[in-house]
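The structure appears right after this line, and notes come after that.
Read-outs throughout are calculated quantities, based only on the coordinates presented, and are distinct from any laboratory measurement. Quick caveat, the model's predicted, so the values are computed rather than measured. Because the Cβ atoms are built from the backbone with ideal geometry, glycine has one as well, and the counts that use them run over all protein chains shown.
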Amino acid sequence: MNMKNRIISLSVFLLFLAVSLHAAKVDTLLVKSPSMNKDVQVVVISPEATKASKSATYPVLYLLHGYSGNAKSWIQLKPNLPEIADQNKMIIVCPDGKNSWYWDSPKDSSYRYETFVSDELVKYIDNHYKTVAEKKGRAITGLSMGGHGALWLAFRHKDIFGAAGSTSGGVDIRPFPTNWEMSKQLGEFAYNKKSWDEHTVINQIDKIENGDLAIIIDCGEGDFFLNVNKDLHERLLGRKINHDFITRPGGHSGQYWNNSIDYQLLFFKKFFER
């Protein structure tokens with residue numbers, strides 16, 4: 001190897017070393033849920049701590065996975081989340097929600113994921129990380145089941161979350177009565193219609209007024225959830241609740257979410273900077 005190539009190789013190595021030494025921290029935790037009496041796996045991505053930022057506090061984005069996912073789903077789908085956390089100076093929290101739809105199930109007391117995410121987990125994160133521990137410093141979003149979960153939690157806990165989103169969210173569950181194990185949480189649709197009505201996002205809109213939340217919703221034009229997302233958009237318009245609503249080409253897929261989350265991250269960054 002000649003001297004020029006050695007210098008280039010050394011420069012590349014030093015650049016790689018610099019990047020590796022200045023990166024967000026990724027913690028995989030077990031967080032105790034008193035309401036469920038069990039530990040829940042949670043991935044937490046926090047910006048790199050520097051001397052200049054030792055006293056800094058950071059806003060938090062809670063990022064919820066979809067059906068059949070887990071706490072590591074988002075970082076597998078979007079491997080550069082640590083870089084994004086560093087660049088945007090935000091903490092990203094990804095809890096394991098099982099296939100709960102993020103409800104406190106009226107049928108199964110071992111599924112209390114509304115309580116866990118909106119109360120127990122938020123308190124844990126605020127107690128163990130340098131957070132902006134107010135609603136102005138908290139946002140929540142997710143994909144598919146997690147999109148439903150994010151809006152479900154934000155609409156019902158607007159005192160906790162200041163911004164909310166959904167990408168490809170199942171925002172009205174009732175057109176899909178036999179899908180995704182929802183009957184395990186709510187009972188069979190035919191015999192529990194009232195419970196299904198009460199546990200779908202689209203029927204939670206009356207819990208918020210314009211200005212309570214910054215809201216962003218998107219869905220692919222080829223997604224089987226497109227129509228329920230359009231219905232939610234129309235109902236929000238009917239209530240005169242400001243929100244961003246986006247459709248773009250794409251289906252219910254990782255490729256779509258890998259792209260769509262970038263726009264949501266920008267939306268939340270702007271919210272945190274207000």
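For a footprinting-style exposure proxy, rank K269, K32, K240 by other Cβ within 10 Å, fewest first.
Details: K269 17, K32 13, K240 8.
With the sparsest Cβ surroundings first, the list reads K240, K32, K269.
Which of the residue pairs K107/K269; K25/K230; K72/K130; K78/K194; K98/K158 have a Cα-Cα distance greater than 29 Å in the structure shown?
K107/K269; K25/K230; K78/K194
Relative contact order (percent) for the stretch 24-272, with alpha-carbon contacts under 8 angstrom and 6 or more residues of separation?
16 percent
In which sequence would H243, H157, H128, H199 go, from the one with the fewest C-beta neighbours within 10 Å to the one with the most? Mind dumping the intermediate values first?
On the way: H243 16, H157 19, H128 13, H199 23.
With the fewest neighbours first, H243, H157, H128, H199 line up as H128, H243, H157, H199.
Give me, ordered by chain and number, the residues 5 or more places off I246 or on other chains with an amide H under 5 Å from its own placed amide H.
Result for I246 returns I217, D218, C219.
For E209 and R248, calculate 0.36 nm times their separation in residues minus their Cα-Cα distance, and state this gained length in nm to one decimal. Working shown, then result.
On the way: separation 39, 0.36 × 39 = 14.04 nm, distance 2.73 nm.
Here the segment from E209 to R248 would lengthen by 11.3 nm.
Taking N as the number of residues in the stretch 24-272, what is its alpha-carbon radius of gyration divided by 2.2 N^0.38 Å? Don't jump to the answer; show the numbers that get you there.
Working: Rg = 17.0 Å, N = 249, 2.2 N^0.38 = 17.9 Å.
Here the answer is 0.95, to two decimals.
Whole-Hz Karplus ³J(HN,Hα) for the stretch 210-224, in order, using 6.51 cos²θ - 1.76 cosθ + 1.60 and θ = phi - 60°, x for Gly and Pro?
Couplings: 4, x, 5, 9, 8, 10, 10, 10, 9, 7, x, 5, x, 8, 5 Hz.
Return the long-range amide H neighbours of K32 (sequence gap of 5 or more, or a different chain), with a cut-off of under 5 Å between placed amide H atoms.
Residues meeting the criterion, in which the H sits 1.01 Å from N, are V40.
Amide H to amide H, which residues 5 or more places from T131 or on other chains are under 5 Å from it, using H placed in the peptide plane?
Under 5 Å from the amide H of T131 lie the amide H atoms of Y58, each far enough along the sequence or on another chain.
Got a sec to turn the phi values of the stretch 110-118 into Karplus ³J(HN,Hα) couplings, 6.51 cos²θ - 1.76 cosθ + 1.60 with θ = phi - 60°, whole Hz, x for Gly and Pro?
Ordered by residue, 3J(HN,Hα) equals 7, 10, 10, 7, 5, 4, 4, 6, 7 Hz.
Could you work out the relative contact order of the stretch 17-170? I mean the mean sequence separation of Cα pairs under 8 Å and 6+ apart, divided by the number of residues, in percent.
24 percent
So how long is each side of the stretch 106-200 along the principal axes, counting just the alpha-carbon atoms, biggest first, in Å?
Sorted largest first, the three principal extents are 46, 27, 19 Å.
Across the stretch 155-164, in residue order, what do the Karplus-derived ³J(HN,Hα) couplings come to in whole Hz, using 6.51 cos²θ - 1.76 cosθ + 1.60 with θ = phi - 60° and x for Gly and Pro?
Computed from phi, the couplings for the stretch 155-164 are 4, 8, 9, 5, 7, 9, 9, x, 9, 8 Hz.
About the Cα centre, and with charges only on the beta carbon of Lys, Arg (+1) and Asp, Glu (-1), how big is the dipole of the stretch 24-272? Nearest 20 debye, please.
480 debye
Can you put K123, K78 in order of Cβ neighbours within 10 angstrom, beginning with the fewest? Numbers along the way, then the final one.
Working: K123 12, K78 20.
So the residues, fewest neighbours to most, are K123, K78.
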